[in-house]
Structures are given as C-alpha cells and as structure tokens.
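Visitor: Structure in structure tokens, see below.
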C-alpha cells in the first residue's frame, strides 16, 4: 500500500483468501497478515483513515485482490523515475 501524492510505501504485506477485515470505530479497519521476510506468524495491523468512505474503498480493494495471484513484472530499465537514490540505501 502506498500513500497518495508521494507514493511512499506504507505497508507491504501478502493478502490471502481467508483474510478477515474488522471495522474499528467509523474511520478504521484492522486485519492480520504476514509482513516482512523471515517473520513467522501473523501480525495485526490497524489503519485509520481521514474519511469513513475510504475504509469501504480499502475493504473493496482488499477483497478484490486477496484471492488473486501476484503479477509477474518485467525488469524495469534504469530511468530517473525508478533509479535508486542515496536515501533508498
């Protein structure tokens, strides 16, 4: 998941078909997933959004993709947009 505007990475986790999303207040959602390499078990994450309508958009997006297989992508070329910078190291 990436932030709007600057596309900063917020969460990089695998979705799975049995993944449950639970509402948290009106503007939040919680879920359990495996996040990171070499970690065993599930971690619970809680996301809070500014607008309650974004919670439903997030739920729909997760439900749409949690059963799909990852898309294999071709290697990207080194252009200024995707080249590593000194802050990426």
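Visitor: Which values of log₁₀ I(q)/I(0), to two decimal places, follow from the Debye formula for the range 13-68 at q = 0.16, 0.17, 0.22, 0.25 Å⁻¹ with a uniform point scatterer at every Cα?
Guide: These q points yield log10 I(q)/I(0) values of -0.49, -0.55, -0.86, -1.03.
Visitor: Can I ask one more? If I model a spin label at residue 43 and residue 26 as a point 7 Å from the Cα along the Cα→Cβ vector, what separation in nanometres do I get?
Guide: 3.1 nm
Visitor: So for 4, 66, fewest C-beta neighbours within 10 Å to most, what's the order?
Guide: In increasing order of surrounding Cβ atoms, one gets 4, 66.
Visitor: Given an 8 Å cut-off on Cα distances and at least 6 residues of separation, report the relative contact order of the range 13-68 as a percent. If you can, show how the numbers build up before the last one.
Guide: Working: 72 pairs, mean separation 19.8, N = 56.
Result for the range 13-68 is 35 percent.
Visitor: What FRET efficiency comes out for residue 4 versus residue 34 if R0 is 30 angstrom and r is the Cβ-Cβ distance? Round to the nearest 0.05.
Guide: The formula returns an efficiency of 0.75 here.
Visitor: Please order 60, 55, 34 by the number of other Cβ within 10 Å, starting at the fewest.
Guide: 60, 34, 55
Coordinate-derived values only; no laboratory data. What you see is a predicted model; the values in this text were computed from it and never measured. Cβ coordinates were reconstructed from backbone atoms using ideal geometry, including for glycine residues, and neighbour counts include every protein chain displayed.
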